[in-house]
1. Cβ contacts < 9 Å: first residue on the phi > 0 side of the Ramachandran plot, restricted to region 165-178; second residue assigned to a loop (DSSP other than H, G, I, E, B) and within 13 Å of the ligand (Cβ to nearest atom), any location; separation 6+ or different chain. Result?
2. Scanning region 131-145 for residues that are part of a helix (DSSP H, G or I) and away from the ligand (no atom under 14 Å from the Cβ), which turns out nearest to residue 99 (Cα to Cα)?
3. If we keep just the residues of region 13-31 that are over 17 Å from residue 41 (Cβ atoms) and assigned to a helix (DSSP H, G or I), which is farthest from the ligand (Cβ to nearest atom)?
4. (1) closer than 19 Å to residue 66 by Cα; (2) touching a helix residue (DSSP H, G or I) at 6+ places or on another chain (Cβ under 9 Å); (3) touching a residue at least 24 places away in the same chain (Cβ under 8 Å): which one isn't true of residue 154, the others all being true?
5. Can you name every residue in region 41-55 that is closer than 22 Å to residue 13 by Cβ, more than 15 Å from the ligand (Cβ to nearest atom) and at pLDDT 95 or above?
6. Looking only at region 86-125, which residues are farther than 21 Å from residue 142 by Cβ and out of contact with any strand residue (DSSP E or B) (no Cβ under 7 Å at 6 or more places or on another chain)?
7. Exactly one condition in (1) surrounded by fewer than 16 Cβ atoms within 10 Å (Cβ to Cβ); (2) touching a residue at least 24 places away in the same chain (Cβ under 8 Å); (3) more than 15 Å from residue 128 (Cα to Cα) is false for residue 84; which is it?
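The values are calculated or read from the model by the stated rules, or taken from the named source; none is laboratory data. On a predicted model such as this, the values are computed, not experimentally measured, just so you know. Positions of Cβ are backbone-derived with ideal geometry, glycine not excepted, and every protein chain shown enters the neighbour counts.
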Ligand SMILES: *Cc1c(COP(=O)(O)O)cnc(C)c1O
């Protein structure tokens, strides 16, 4: 289980870590790096799960153990070359736009294989698997179908010989369906830490 701590305080993170939670996910680089400094000495495994722009790759490569939102070649190459040489390779999941939503981040299912092959060969990265954020459940869409397609994609790549062990899917609202369809890592914010405080800019 990855605890998603975006917008939650360092006090809450430290308390959850004391209870035995080791892995935390953050979406915003600046916020995450500030928290890491405040939590210096607490042995947390940090995962970056937010939107990844080129101008943020150096900080992600420097400060995180995992990046789960890699979705294009340029980002993958930059993370690999910017990973400090004294650190082990950055663990990477490719974010898949499994429901082909026009506005959403992630590589389209048809482009996954190419990106998997590229990442598997980059020295600064260790490809661990796939991640997705499916279209929210509604009368027209059952996220279980998205999870099933993710598992098929994952299995077919593993059968081809790519060594991956992580299928990161499932959030507070639908973790059961994700687990039923092969998730190995659920990313839980609200159900663990409560509702997220509003963005600071909202209160102006
Ligand atoms: C915020 C977030 C989560 C956690 O969402 P909850 O519904 O609060 O559990 C998981 N994954 C990603 C990528 C997120 O941005």
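1. The qualifying pairs are 170/183; 170/186.
2. The qualifying residue nearest to residue 99 (Cα to Cα) is 145.
3. Filtering region 13-31 for residues that are over 17 Å from residue 41 (Cβ atoms) and assigned to a helix (DSSP H, G or I), the one farthest from the ligand (Cβ to nearest atom) comes out as 30.
4. All conditions are met except number (2).
5. Of all residues in region 41-55, those closer than 22 Å to residue 13 by Cβ come to 41-52.
Checking the rest, the ones that are also more than 15 Å from the ligand (Cβ to nearest atom) come to 41-45.
Within region 41-55, 42, 43, 44, 45 qualify.
6. Result: 86, 87, 88, 110, 111, 113, 114, 117, 118, 121, 122, 123.
7. So the condition that residue 84 fails would be (2).
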